[in-house]
Each structure stands twice: as C-alpha cells, then as structure tokens.
C-alpha cells in the first residue's frame, strides 16, 4: 500500500474569497472574516448596524462610524490575524432560531450593497448557511 502524505507543507493556503460572518449564540456576537474588514476599510471603533427587511425577509448589515450600531471590537486569535466582531445578541438569537441552529452558523455576506436612504446595506445570505452547529 502506498500512502500519499498531505502534510502541512504540502497544502495550499488560499486567502478567503467570500465575505463571511460567523454568528455565535453563546457569545451573542457576529464575527467578520478579514476579507470584509480589508475590502471595506473597517477598523476597531467603527460601528455595525443590523436590520431585517419585512418585505424581502432579508437580514442586512451596514458599517460606518456615524451609525447608532454596535462597536466593532478586535478579537485576538493567538497566532492568527486579529478579526473584527460586534455584539448583537437579539439578532443572533433570531437568525439562529430561523435556521434552527443550536450554537452557531456561518453565512456569506453579499459584496453588492443595496443602497437604502443613502447608506450601503449588505445582505446576510441566511437562506444557505455555509456551516451550522
């Protein structure tokens, strides 16, 4: 029998290509991947605002310094690059209850914003989660 070894040195580490958000019930926090922060120029101290559109049944998120939303915080990941996150326990529980997730889920965030009242809102694609716990 010939074994083909897939050691750490042999794997291709590709940078992320999708904007992802991890929603965690225990902490009540939205964790953004670094691609979102880099593409939108988000920094610690900015704000994240969540909204639900009753007509389209979509969850939306907006970012900016002038919003009445939740403060973006840095999450230190030991040897990994710091990530941004923001609290929003009520929205976390509502989203996770909709998809019947017990602990957490990961969703794609649309890169094409909807402009509503002059503000860019990005859809959180909750219909097809990337991962559910």
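The values are calculated or read from the model by the stated rules, or taken from the named source; none is laboratory data. Only a predicted model underlies this, so the values are computations on that prediction, with no experimental measurement involved. Using ideal geometry, Cβ is built from the backbone for each residue, glycine included, and neighbour counts are taken over all protein chains shown.
Annotations
- Per-region count, the stretch 97-121, residues within 12 Å of residue 25 (Cα to Cα) and either without any contact (Cβ under 8 Å) to a residue 60 or more places away in the chain or in contact with a strand residue (DSSP E or B) (Cβ under 6 Å, 6 or more places away or on another chain) (or both): 6
- Of all positions in the stretch 52-61, at least one carries a residue that is surrounded by fewer than 16 Cβ atoms within 10 Å (Cβ to Cβ), free of Cβ contacts under 8 Å to residues at least 60 places away in the same chain and touching a strand residue (DSSP E or B) at 6+ places or on another chain (Cβ under 6 Å).
- Any hit, the stretch 31-38, residues being surrounded by fewer than 16 Cβ atoms within 10 Å (Cβ to Cβ) and at pLDDT below 95: yes
- Note on the stretch 41-133: enclosed strands (runs of 3 or more DSSP E) holding 1 or more residues that are more than 16 Å from residue 21 (Cβ to Cβ) and more than 14 Å from the chain's Cα centre (by Cα) are 47-53, 58-64, 73-77, 80-87, 114-116, 119-125.
- Residue check for residue 124: exposed (fewer than 15 other Cβ atoms within 10 Å of the Cβ) and touching a residue at least 12 places away in the same chain (Cβ under 8 Å): no
- Among the residues listed as 117, 82, the single one being on the phi < 0 side of the Ramachandran plot, surrounded by fewer than 19 Cβ atoms within 10 Å (Cβ to Cβ) and at pLDDT below 95: 82
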